[in-house]
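Structure record follows, encoded as structure tokens.
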Amino acid sequence: MSKTGHIFTAKKAFFAVLLLAGFALLVLAPKTAVNVDEQLHYPHAKRVVNWYFTGGEDQSCLHTPQTNLKYYGQSVDNFTALFNRVFNVKDEFLVRHYTGAVFFWLLLFFSGLLAREITGSWLMATVSILSLIFMPRLAGQAFGNLKDIPFATGYVAGLLMSVRFLKELPSPRWRTAILLGSAIAFTVSVRSGGFILFAYLALGMIAFFVWKPFYLKQVVTTKPVFVRLLGQGTIILIIGYFAGQIFWPFALQNILVHPLESLNVMSHYKVSIRQVFDGQMMWSTQLPWYYFPKWMLISTPMFVLAGFLFFLCFFSVEIFFKKHFSQQLFFEAFILFSLLFPFFYVIVIDSNLYSGVRQMLFILPPLAILAVWGVFRLVRFVEMKNRKTSYILSLFFLAFLGWPAKHQAATFPVDYVYFNVLAGGNEKAWGNYEYDYYFHGLKEPAEYVLGLAGSENAIVAMNCNLSNYFDDHPNIRYQYSRFLERSSFDWDYGIFGVNYIDPELLKNELWQPADIIKTFYQKGNPVAVVVKRTSKDDFLGISELNKGNFGTGVELLEKAVKKDSNNVWLFVNLAKAKLAEGSMTEFEVYLNKGKEIFPRFEPFFLLEATRFYEEGKYVESFQKLNALFEINPRYLPAKELLEKVKEKLG
């Protein structure tokens, strides 16, 4: 077959893969799960839309002291809220998930074009798309993550147009400049981090003119060329900066200050979230510097990791040994920089990262493109030595590329929870790393409970905010409860995900509540349980204690704890009651029984510190509080006692 025929066939394959991907996304969108962030960002998006509809009178979207949501542009979230409001859509989350599917498809499209732009190969572009499709941590968030996926889409589009702009120097087309400005504007409209694309363009131009000073001379000495380039730069700046703020109320309050303020807040995010990492529970602001690099290593498909290593080897040889800096190498370096700079930047400034690689999904497409290019170069190198061996190698890498597809097909819609062999697979990662942080695994249990409840009135407790599953069922009342504190609430059915449960409880199998009627698994690991409450002695007992009826309350809780012997919250309340009664012997009994189950449970430390304080042993109370804050430095219930102890100690 001629070279033209090869190109034509590869190009057809590129669009065929995109067509199939689009069809698959449309089919899967209605079947995916709602994630917990949607229940946070979508209500905010509604408030943003209402700000526009009320002419700025409703300013609730500008006052977000707890969530900091005003600092997000989140234009795609806002678009779905606008669409649903204008067209009075009933199934609002379905619109969101179709919208997410569109942006993931665009991410594939722009990534493929970027791969084609860098390598000149449609086959490279096709395989690059496949590498993203078979990347569970990325593709698994295609539908409900309307921040990170659209941001990645804008980021890649910005890189694509930057490469084209640089290739067209010293006289880029106006079309390229306008599209580049638009790509930057969209990226900024999602998150202020999109401003980095301005820096990439500026750095790329400086590097280009240093590499080819002849073009710089041409720009400086030729007035029409200089004026044209200056005008295009101005257009890119105006469109990229100001157009990105159109759907962002906070930015519009001060268009020169607030976007940059947002960038600073996002770079040093103060909201801290409990995370499981390396088998320990810790706050995201306490995570070690290697948190993100390790997550990249254990959650990225091995095909991509191996391919990237091959790329680095060939790239290094070209740079340091052949010393021939071609245009091909220049743009490979540009894409490599767009991957490595954010990677190292978040480590150097100690960014508050959490939920694995989610906030850094935008660097995965450049990583995949370079990885595929590394594999291509390896195969081509082997082909020069032995063609048959290169065919075998190609088949091996093709199988390697598609290996995660088995995981994705078997675990949807919890397919984003993926760990490679470096982590020992999902089986070994459970209890050691954050697992289903989006609570996708609660969709099936919620549907199961709806079937159990039927038309009966029931209260359903969940340890997340996914009340949406019951919105169309007036007989079901949703109740939020922390998992360990579930006995403090009135409910009939409980749906509890394993996320945010301490690894100590998970690994020692001390977390399962009584009355579990079904456990839901992902790759053999529990992700959620459904509990049908057969007795409310625990709830009634705690209610009596809160009323001061210690005798009745203790009697009910002692009955409840015989049935649910691993329920540490019952021991907390029993010990608390005995402390209030002054029964120190029984206080010690209940305290020690609870600590046998979960010795690091914060309320036990607070109870001991409270006892010492009431006995006038302020030093011992202070020491116990210090031990508590070593476990959890953000344990707010202990702050008041700490102030009292400090006052006593002077």
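The values are calculated or read from the model by the stated rules, or taken from the named source; none is laboratory data. The structure displayed is predicted, hence computed values, not measured ones. All Cβ positions, even for glycine, are placed from backbone atoms using ideal geometry, and neighbour counts span all protein chains on display. In case anyone asks, the SASA skips ligands and DNA or RNA and just uses the protein heavy atoms, side chains included. Shrake-Rupley method; radii C 1.70, N 1.55, O 1.52, S 1.80 Å.
Which of the three applies to segment 514-606, rounded, prolate or oblate, going by the alpha-carbon gyration tensor with a ≥ b ≥ c and a/c under 1.5 meaning rounded? Cα axes put segment 514-606 in the oblate bin.
Projecting the Cα positions of 307, 25, 330 onto the charge dipole of the chain (unit charges on Cβ atoms of Lys, Arg, Asp and Glu, taken about the Cα centre) puts 330 furthest along the positive direction. A Cβ-based charge dipole, computed about the Cα centre of segment 440-532 with Lys and Arg at +1 and Asp and Glu at -1, lands at about 200 debye. Across the protein chains, with a 1.4 Å probe defining accessible surface, the residues 544, 630, 444 rank 630, 444, 544 from largest area downward. With the cut-off at under 14 Å, measuring from each backbone N in segment 96-139 to a point 7 Å along the Cα-to-Cβ line of residue 421 picks out no residue. Length available on full extension from residue 27 to residue 519: 0.36 nm per residue minus the Cα-Cα distance, which gives 174.4 nm. Quick check: Cα centre of segment 139-165 to Cα centre of segment 440-473, how many Å? Cα centroid of segment 139-165 versus Cα centroid of segment 440-473: 33 Å apart. Going toward the positive end of the dipole of the chain, with +1 on Lys and Arg Cβ and -1 on Asp and Glu Cβ, which of 120, 567, 135 do you reach last? Of the listed residues, the answer is 120. The charge dipole of the chain, taken about its Cα centre with unit charges on the Cβ of Lys, Arg, Asp and Glu (plus for the first two, minus for the last two), comes to roughly 3140 debye. Between residue 53 and residue 273, the contour length at 0.36 nm per residue exceeds the Cα-Cα span by 75.8 nm.
Shown here are the Rg and Dmax of the Cα trace of the chain, at 28.2, 93 Å.
Working note: 222 nm ellipticity from helices only, DSSP H runs with n ≥ 4, each -39,500 (n - 2.57), summed and divided by the residues of the chain, gives -19500 deg cm²/dmol to the nearest 500. Each peptide among 207-218, 177-188 gets the average number of other Cβ atoms lying within 10 Å of its residues, and from highest to lowest they stand as 177-188, 207-218. For segment 440-532, the calculated P(r) over all alpha carbon pairs, in 10 Å bins from 0 to the bin holding the longest distance, is 16, 54, 25, 4 percent. The residues of the chain expose on average 44 square angstrom of accessible surface per residue, using a 1.4 Å probe on protein heavy atoms.
The relative contact order of the chain, computed from alpha carbon pairs under 8 Å that lie at least 6 residues apart in sequence, is 12 percent. Calculated FRET efficiency, residue 94 to residue 480, Cβ-Cβ distance, R0 = 22 Å: about 0.40 to the nearest 0.05. Most tightly packed first, judged by the mean number of other beta-carbon atoms within 10 Å of their residues, the peptides 168-174, 87-93, 236-242, 99-105 read 99-105, 236-242, 168-174, 87-93. Were the residues from residue 535 through residue 647 laid out at 0.36 nm apart, the gain over their Cα-Cα distance would be 35.9 nm.
Across the accessible surface of the chain, with the other protein chains kept in place and a 1.4 Å probe, carbon and sulfur atoms take up 62 percent. Protection proxy ranking, highest mean first, for peptides 53-63, 120-130: 120-130, 53-63, where packing is the per-residue count of other beta-carbon atoms within 10 Å, averaged. In terms of its alpha-carbon gyration tensor, segment 215-334 comes out oblate; a/c meets the 1.5 threshold, while b/c is at least as large as a/b. Nearest 10 degrees, 0 to 90: what angle lies between the long axis of helix 148-167 and the longest principal axis of the chain (Cα atoms)? With rounding to tens, the tilt is 20 degrees.
Once ligands and nucleic acids are excluded and a 1.4 Å probe is used, how much of residue 85 is accessible, expressed in Å² to the nearest 10? Roughly 110 Å² of residue 85 is accessible to a 1.4 Å probe. Going by alpha carbons, how many degrees (0 to 90, nearest 10) lie between the helix axis of 602-614 and the longest principal axis of the chain? Long axis of 602-614 versus the principal axis of the chain: about 50 degrees. Taking Cβ atoms as reference points and 11 Å as the exclusive limit, the residues near residue 584 contribute a net charge of -3, counting Lys and Arg as +1 and Asp and Glu as -1.
Considering only beta bridges that DSSP places wholly inside the chain, some 60 percent are antiparallel. Within segment 440-532, antiparallel bridges make up roughly 60 percent of the DSSP beta bridges whose residues both belong there.
Distance from the Cα centroid of segment 219-296 to that of segment 104-124 is 24 Å (rounded to whole angstrom). Between the Cα long axis of helix 38-53 and the first principal axis of the chain there is an angle of about 70°, rounded to the nearest 10. Each part gets one Cα centre, and for segment 366-437 versus segment 575-603 those centres are 50 Å apart.
Placing a pseudo-label 7 Å from each Cα along the Cα-to-Cβ vector at residue 392 and residue 214 gives an inter-label distance of 4.7 nm.
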